[in-house]
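First the structure, in the form of structure tokens, and then the observations on it.
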Amino acid sequence: MELGTYTRQRLVRLAVILSGVAVLWLAFGDFALAEDAAPPPCGGKVLEKCTPNSGDTAWMLTSVALVLMMTIPGLGLFYGGMVRKKNVGDTVMTSFAVTCLVTILFAVLTYSLAFRAGTPLIGGLDRMFLKDILSDIGKGGIGNPNPLAATIPETVYICFQMTFAIITPALIAGAFAERMKFSAMLWFIGLWAIFVYAPIAHWVWGPDGIFAAGNDAAWVKVLDFAGGTVVHINAGVAGLMCAIMLGKRVETGPAHNMVLTFIGASLLWVGWFGFNAGSAVTAGMQAGMAMLVTQIATAVAAFTWMLVEWALKGKPTVVGICSGAVAGLVAITPASGFVGPIGAFAIGIGAGVFCYWGCTGLKRMFSYDDALDCFGVHAIGGIVGALLTGVFAVEQYGGTPGLLEGNPAQFVNQCIGVATVFVYDAVVSLIILFVVKIFVGLRVAQDAERDGLDLALHGEVVH
């Protein structure tokens, strides 16, 4: 009997202890769960102390490397093969130096001006010197992404947009090749990156830009998925202003090494998948369609250029088909997230025909010396692509219908965007060139130009 009483007492005490534990768990359980719960995934309205999407981040890290490869070594080799041997070093040096200069400027100032909220015309200064960038890797990999790229760390988005800011002014060098002072080039590119690239990038891609398709308060919504206006029309028009201001070269010659141009064009083609498909900023359906239409348009444009050149000159050339491929890459850039395969075919044909004309007939008509056809390929190709985006945009793919789906207003919007960028870029580029000419001078001496820029400016020669 006593044993039974003792057992019951022990059971009662155990029940009391368990009840107490249960009460404590109920009292503090929510606090413990709140402490141990994983951060929410980044995206939508969740933009603070959240976890980036690992798949999107991995794709964007890959895209950063692909787009950087487009400038060094892609563009350097593409341009380097088309100049004369005595200017190859200066040409590749320009691509490399621009990469360094623009990286510094982007980190210090232009990222904040282009991709942070401010006014409809220019961004703010809250990210000068990249202050307040949060990644907190030691606290579980949480961060605060830029709203423009809500599922990846802001550091990765900065690197991605930095590669775009690098290649855009590097493209301009094709217009002034073989005759511009290296010091003048650095001053022009630096000022241009701040006063031309940053504002136009903010207009089209900034969170509150006047032309930003994702801005509900935008004055005019312009579709530019990966840089038809921001990169290619921008670079091409600036290149034309440089060619006009510098004047014609004393002497010209054929491309010295078509194999270098072939290798450069091939690297550009491969890297462009990061350029266009990466601009989806996610590893999703839109990135897949952007990659597909990029491949189609590039092949169609290169083949079209080859046929046109063959018909008019009697022989297809390596430099020609490579230039056609780049023209196709340029033209599909603004459209890549908005059109389907049919649109890609049409844009490729248009790029092959109009860019060939831009590099031959148009240049002869106005008699300017665009050395490596920066304007003919990039400005003309960018205009063709931007306008045809307004024609062939498919609502199912990119969310906005074009002219063929009953929305002619979008074509009008594209025309407004192209014209505005063209005029602003031309005027400000000319102002910068005049300033640099006054204080530094633009063109090398005739003796230096005759001997070659490699030896005159860098003390090196290519053997």
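The values are calculated or read from the model by the stated rules, or taken from the named source; none is laboratory data. Since the model is a prediction, treat every value here as computed from it, not as a measurement. Because the Cβ atoms are built from the backbone with ideal geometry, glycine has one as well, and the counts that use them run over all protein chains shown. We work out accessible area using only protein heavy atoms, side chains counted, and drop any ligands, DNA or RNA first. Shrake-Rupley method; radii C 1.70, N 1.55, O 1.52, S 1.80 Å.
A few remarks follow.
- Pair list, Cβ under 6 Å, 6 or more apart: the stretch 398-413 residue under 17 Å from ILE210 (Cβ atoms), other residue part of a loop (DSSP other than H, G, I, E, B) and of a type in the set (Val, Ile, Thr): ASN413/VAL220
- Hits in the stretch 400-440 (condition: open to solvent by 50 Å² or more (accessible area, probe 1.4 Å) and more than 24 Å from GLY236 (Cα to Cα)): LEU403, LEU404, GLU405, GLY406, PRO408, ALA409, PHE439
- ALA393 vs. criteria of a type in the set (Gly, Ala, Ser) and buried (at least 24 other Cβ atoms within 10 Å of the Cβ): yes
- The stretch 271-308: number of residues that are closer than 14 Å to TRP59 by Cβ, of a type in the set (Gly, Ala, Ser), in a helix (DSSP H, G or I) and open to solvent by 30 Å² or more (accessible area, probe 1.4 Å): 1
- When the stretch 223-264 is filtered for residues that are crowded, with 24+ Cβ neighbours inside 10 Å and either of a type in the set (Lys, Arg) or out of contact with any helix residue (DSSP H, G or I) (no Cβ under 8 Å at 6 or more places or on another chain) (or both), nothing remains.
- Identification of helices (runs of 4 or more DSSP H) wholly contained in the stretch 71-146 with 2 or more residues that are among the polar types (S, T, N, Q) yields 88-105.
- Test: residue in the stretch 124-139 that is buried (at least 20 other Cβ atoms within 10 Å of the Cβ), small (Gly, Ala, Ser) and either more than 30 Å from LEU455 (Cβ to Cβ) or in contact (Cβ under 8 Å) with a residue 60 or more places away in the chain (or both): no
- Residue within the stretch 209-221 that is buried (at least 24 other Cβ atoms within 10 Å of the Cβ), out of contact with any Cys (no Cβ under 9 Å at 6 or more places or on another chain) and either assigned to a helix (DSSP H, G or I) or at pLDDT 95 or above (or both) present: yes
- So THR229, is it out of contact with any strand residue (DSSP E or B) (no Cβ under 6 Å at 6 or more places or on another chain) and under 21 Å from ILE431 (Cα atoms): yes
- Any hit, the stretch 150-160, residues being without any contact (Cβ under 8 Å) to a residue 40 or more places away in the chain, open to solvent by 10 Å² or more (accessible area, probe 1.4 Å) and farther than 20 Å from ASP425 by Cα: yes
- Restricting attention to the stretch 369-392, the residues being among the aliphatic types (A, V, I, L, M) and more than 25 Å from SER95 (Cα to Cα) number 5.
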